[in-house]
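Chemist: Just passing along the structure, written as structure tokens.
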Amino acid sequence: MLVMVGTDKHPFDRLVDWLRSWQPTVSDRVVLSVQHGHTGADDVPGAVPFLGHAELQTAISAADLVICHGGPATILEARRHGRVPIVVPRDPSHGEHVDDHQLRFARRLGAAGLVVVCETRAALVAALTAGLAEPSRFVVRADPDSARARAAAVARVGEIVEDLVVAANGRRGWWRPWSRSPRSGARG
């Protein structure tokens, strides 16, 4: 089981405390890995402050269950590796973030069935219990080729923006990244 609280400077004590009290009840059957960032978690088994990119990719792929904060990149990375993440969004009312974007994003994805949102300890324990009983409920088809599709989508958005700029002022912008020579940095 992999837990990722992200790299935000705000501590996420609430999630770590929930795990700290839950873990002893399953310590005989769960190997816990907790990337805890700036949250104190020295007494939690498997706790490490940060993981490098390659280590994180390996850990996500190997985990039966992925629990994470509501960061969009973290959620999408878990799904890219074929996991339906159990998401505990950071809540600014607890000092866990500067605004409520994680709450709003997680709720929207939860309503679409793309994540399991847990905003209370009871909801997290229920999701973990379900995940331990039937891990396949938290698996989706992995899409390792999605990076290529994302790059194509970003390029297409750039083209659309360029067309809008041309329509608005009648000239091509100099910033078009795909028109620059990689060697000279010259504008195309």
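Chemist: ³J(HN,Hα) across region 42-51 via Karplus (A = 6.51, B = -1.76, C = 1.60, θ = phi - 60°), whole Hz, x for Gly/Pro?
Modeler: 3J(HN,Hα) across region 42-51, in whole Hz: 4, 8, 8, x, x, 7, 9, x, 9, 10.
Chemist: Continuing with the same structure: For the pair Arg137 and Glu162, how long in nm is the line joining their label points, each one 7 Å along Cα→Cβ?
Modeler: 4.8 nm
Chemist: Karplus couplings for region 86-101 from phi (6.51 cos²θ - 1.76 cosθ + 1.60, θ = phi - 60°), rounded to Hz, Gly and Pro as x?
Modeler: 8, 10, 10, x, 5, 10, x, 5, 9, x, 8, 6, 8, 8, 9, 4
Chemist: Once phi is turned into ³J(HN,Hα) by the Karplus curve 6.51 cos²θ - 1.76 cosθ + 1.60 with θ = phi - 60°, what whole-Hz value does each residue of region 7-20 show in order, with x for glycine and proline?
Modeler: Per-residue couplings from phi come out as 10, 4, 5, 6, x, 10, 4, 4, 5, 5, 5, 4, 5, 4 Hz.
Chemist: Once you list every other residue whose beta carbon is under 15 Å from the beta carbon of Val116, what net charge do they have if Lys and Arg are +1 and Asp and Glu are -1? Let's see the in-between values first.
Modeler: On the way: positive: Arg79, Arg83, Arg107, Arg108, Arg121, Arg137; negative: Asp64, Glu119, Glu134.
Residues near Val116 contribute +3 overall.
Chemist: Hey, can you grab everything whose amide H is under 5 Å from the amide H of Val48? Only 5+ residues off in sequence or another chain; H modelled, so Pro and N-termini drop out.
Modeler: Val34, Gln35, His36
Chemist: For region 1-150, what class follows from the C-alpha gyration tensor (a ≥ b ≥ c being the square roots of its eigenvalues): rounded when a/c is under 1.5, otherwise prolate if a/b is larger than b/c, else oblate? Could you put the intermediate results ahead of the total?
Modeler: Details: a/c = 1.27, a/b = 1.11, b/c = 1.14.
The shape class here is rounded.
Chemist: Would you please classify the overall shape of region 49-116 from the alpha carbon gyration tensor, given that a ≥ b ≥ c denote the square roots of the eigenvalues, rounded means a/c under 1.5, and beyond that prolate means a/b larger than b/c while oblate covers the rest?
Modeler: Cα axes put region 49-116 in the oblate bin.
Chemist: Also: Amide H to amide H under 5 Å from Leu65: which residues, 5+ apart in sequence or cross-chain, H placed 1.01 Å off N in plane?
Modeler: Hits under the 5 Å cutoff: Leu2.
Chemist: Using modelled amide H (1.01 Å from N, peptide plane; none on Pro or chain starts), what sits under 5 Å from the amide H of Thr39, excluding residues fewer than 5 places away?
Modeler: Phe12
Each reported figure results from applying straightforward, stated rules to the coordinates on display, with no laboratory input. Keep in mind that what you see is a predicted model, and the values were worked out from it rather than measured. Here Cβ is always computed from backbone atoms with ideal geometry, including for glycine, and neighbour counts include all displayed protein chains.
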